[in-house]
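To start, the structure itself, in structure tokens.
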Amino acid sequence: VSRRWVDFRSTALNNTRGVWVYLPPTYLENTTFRAPVVYMHDGQNLFDASTAFGGTEWQVDETMNRTANDGFIAEAIVVGPENTAARIDEYTPTSTTQYGGGQGATYLRFLVDELKPAVDREYRTRPGRESTVVIGSSLGGLISTYAGVQKPEVFGNVGAMSPSTWWDNRWILGSVAGLRAAPLRPLKVYVDSGNAGN
């Protein structure tokens, strides 16, 4: 794991952020291995307790290493762009009077047009949609769902953990329902929620 880019510049968002990268064991051992890529929001929370919100990291590297050994989850590169002070704006597809927001489409431009090309240039990736995952929790789950709706040609796999489906009167649920008639949809979607629901 490394904080590969300390100040990754986004022209779309007109800001910078750190970007963390985890490389799986086989990638480091085999120079011909090409890996799927998992894009996970809130990058500062994924790997290091000293940078994580509340001091509790997600232990993504430990989990990926453990599952690589037992074959439960395919080995993958994990790319974690950090959130910024504009997290609510960037992780929401619409604007509300109470919370603001609504820069989700621009954040997706950052991921698709700026960050993903840099990752695909720098690392031995499998760039196709079948090998590209976007995942996050809470508002990160919301923007991941939105990415699956808006960019299924890029993000073929979506993970939405406790997604903030409440946002803007559950706007995202109607957007997801519209996928039934779409010519292209995500290949796989994972959704979970705590027992309180949201």
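The values are calculated or read from the model by the stated rules, or taken from the named source; none is laboratory data. On a predicted model such as this, the values are computed, not experimentally measured, just so you know. Positions of Cβ are backbone-derived with ideal geometry, glycine not excepted, and every protein chain shown enters the neighbour counts. SASA here: full protein model, heavy atoms, side chains in, ligands and nucleic acids out. Shrake-Rupley method; radii C 1.70, N 1.55, O 1.52, S 1.80 Å.
Within the stretch 127-147, the set of residues being within 21 Å of Trp5 (Cβ to Cβ) and not β-branched (Val, Ile, Thr) comprises Pro127, Gly136, Gly140, Ser144, Ala147.
Looking at the stretch 143-158 only, could you name the residues that are surrounded by fewer than 24 Cβ atoms within 10 Å (Cβ to Cβ) and of a type outside the set (S, T, N, Q)?
Val149, Lys151, Pro152, Glu153, Val154, Gly156
Given the structure, is Gly71 at pLDDT 95 or above and more than 19 Å from Arg9 (Cβ to Cβ)? Considered against the rule, which asks whether it is at pLDDT 95 or above and more than 19 Å from Arg9 (Cβ to Cβ), Gly71 comes out as no.
Number of residues in the stretch 4-57 that are open to solvent by 70 Å² or more (accessible area, probe 1.4 Å), within 27 Å of Gln103 (Cβ to Cβ) and at pLDDT 95 or above: the value is 6. Any idea which of Arg180, Arg170 is under 18 Å from Asp89 (Cα atoms), open to solvent by 80 Å² or more (accessible area, probe 1.4 Å) and part of a helix (DSSP H, G or I)? Of the residues listed, the single one that is under 18 Å from Asp89 (Cα atoms), open to solvent by 80 Å² or more (accessible area, probe 1.4 Å) and part of a helix (DSSP H, G or I) is Arg170.
Cβ-Cβ distances below 7 Å connect the following pairs, each with a first residue in the stretch 116-139 that is within 20 Å of Val189 (Cα to Cα), a second residue that is β-branched (Val, Ile, Thr) and open to solvent by 30 Å² or more (accessible area, probe 1.4 Å), and a separation of six or more residues or different chains: Leu139/Ile88. When Ala85 is tested against (1) of a type in the set (A, V, I, L, M); (2) over 26 Å from Leu13 (Cα atoms); (3) free of Cβ contacts under 8 Å to residues at least 40 places away in the same chain, exactly one condition is not met: (2). Looking across the stretch 145-166 at every residue that is part of a loop (DSSP other than H, G, I, E, B) and aromatic (Phe, Trp, Tyr), the one that is nearest to the chain's Cα centre (by Cα) is identified as Phe155.
When the test is whether a residue is within 21 Å of Arg9 (Cα to Cα), touching a helix residue (DSSP H, G or I) at 6+ places or on another chain (Cβ under 6 Å) and not acidic (Asp, Glu), Tyr123 does not pass it.
Residues that are polar (S, T, N, Q) and either in contact with an Asp or Glu (Cβ under 6 Å, 6 or more places away or on another chain) or more than 16 Å from Gly104 (Cα to Cα) (or both) within the stretch 154-185 comprise Asn157, Ser162, Asn169, listed in sequence order.
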